[in-house]
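So the structure is just underneath, and the comments pick up after that.
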Amino acid sequence: MLNIFNSEMDFIIDWERKNMDVTMKDVAKLAGVSLSTVSRVLNDSSLVREETARKVKKAVDKLDYQINDSARILRTNTSNLIGVIGAGMERPFLANLLKGIEAEARERGFALIYGDSDGELEKEQSYLNIMKQKKIDGIILITTNYYNDLLSIVKNYKIPVVFASGYINDPEISCVTVDNVAAAYDVVEYLCQVGHQDIAFIKGPDLDLLASQERLRGVKLALRLSDIEYDPKRFIEGDFTFESGYSAAKKIINKFPDVTAIFAFNDEMAVGVISYLKEHNIKVPEDISVVGFDGIELGKYIDPALTTIKQSGYQLGLRSIEILNRVINQEKIEDNKVFIPHKLVVRESTNKLNEFTTNKEVISNNRG
């Protein structure tokens, strides 16, 4: 009896009997359409009627058809893959940034290849090489210590790139970031306005990317305009972790017992500062005001609630993919430096200096 595939079940049984890989021809036959129609549906063409597209997608599902990525890359010169290289992405703000990247990438039909380098150049270069082999369409670099080295490699590979969470003075590179200079300036200006003159700072690592350097620039500018002398000894280095904030607070109290405010360059370090001060019976904000940067959720729930610069990591991630997609498609970008909004959120960890009598004796007695 001649099998002419006059039913879907006959077709599927016959295909299984042959034990062959499903091809576009199989999908076309089951759906009753041409090969070109299947191709258009798989490439999301708007030229196919909705009813026809549903038939093709139903056939794809029934046959569990898998698109040949290598063939698609050769045909379209696109992989629909985006590479993301970062360091310390377990930190709350950066994890939220990655969520934004994932959400917008998924919306635009991209899959992600992600590598956390732990701030090691060798790892970052290794990830870049792997991503190049995967024919990624573009790459997002986040908080890398070695941005100059990586950008040189990326440019050599001619891969579209967006730098997230940092400003780079390069007309060929698009950046999406908060205005770190302006935001840090806002913090110091606020502290000065509420009476603080003896301020200490916890910065990021000296080798860290531009975000920390930009915040330092903003601090210096605000100090100068407030007629406060810049003292590099008052800048203690941290690494953006809770532990480094805790350790830096100890150094500050030992070296500068008269300090009335501490500005940590991210919220995690600020939370570490508050923890140290509370353990040593130094009241916040009665004895020392504390300010952070980023606006992570934890800051709202600690006691006292943290004054901070709020920026949206999620929005930063969304915008990074949006801009990268435009770079990939060679669309005109009016300004390759995109700033997301920031806001100084004043909570209970800071207050006017003259509202309390700073207990210098308490601070002095609790050093160490």
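The values are calculated or read from the model by the stated rules, or taken from the named source; none is laboratory data. On a predicted model such as this, the values are computed, not experimentally measured, just so you know. Neighbour counts run over all protein chains shown; Cβ positions are idealised from the backbone, glycine included.
Residue count for segment 316-359 under the criterion of being exposed (fewer than 14 other Cβ atoms within 10 Å of the Cβ), assigned by TED's automatic domain parsing to the domain that holds ILE253 and modelled with pLDDT under 90: the result is 3. Could you tell me which numbered condition CYS175 fails, if it satisfies all but one of (1) more than 30 Å from GLU331 (Cβ to Cβ); (2) assigned to a strand (DSSP E or B); (3) not acidic (Asp, Glu)? Looking at each condition in turn, CYS175 falls short on (1).
The set of residues in segment 157-191 that are farther than 23 Å from ILE82 by Cα, touching a residue at least 12 places away in the same chain (Cβ under 8 Å) and under 21 Å from the mean Cα position of the chain (by Cα) comprises ASP179, ASN180, VAL181, ALA182, ALA183, ALA184.
Yes/no matrix, rows are residues, columns are (1) surrounded by 17 or more Cβ atoms within 10 Å (Cβ to Cβ); (2) touching an Asp or Glu at 6+ places or on another chain (Cβ under 8 Å):
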| position | (1), (2) |
| --- | --- |
| ASP186 | yes, no |
| SER226 | no, yes |
| PRO232 | no, no |
| GLY245 | yes, yes |
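Here TYR314 fulfils each of the conditions (1) in a helix (DSSP H, G or I); (2) touching a strand residue (DSSP E or B) at 6+ places or on another chain (Cβ under 9 Å); (3) within 30 Å of GLY138 (Cα to Cα) apart from (2). The residues of segment 260-304 that are farther than 30 Å from ARG106 by Cβ, part of a loop (DSSP other than H, G, I, E, B) and within 24 Å of the chain's Cα centre (by Cα), listed by number, are PHE265, ILE302. Restricting attention to segment 128-184, the residues that are closer than 24 Å to ARG108 by Cα, touching a Lys or Arg at 6+ places or on another chain (Cβ under 7 Å) and crowded, with 20+ Cβ neighbours inside 10 Å add up to 2. Considering only residues that are aromatic (Phe, Trp, Tyr) and modelled with pLDDT of 95 or more, look in segment 230-244 and name the one that is nearest to the chain's Cα centre (by Cα). Ranking the candidates gives PHE242 first.
Tell me yes or no: at least one residue of segment 218-226 is in contact with a Cys (Cβ under 9 Å, 6 or more places away or on another chain), assigned to a loop (DSSP other than H, G, I, E, B) and not aromatic (Phe, Trp, Tyr). For segment 218-226, residues in contact with a Cys (Cβ under 9 Å, 6 or more places away or on another chain), assigned to a loop (DSSP other than H, G, I, E, B) and not aromatic (Phe, Trp, Tyr): present.
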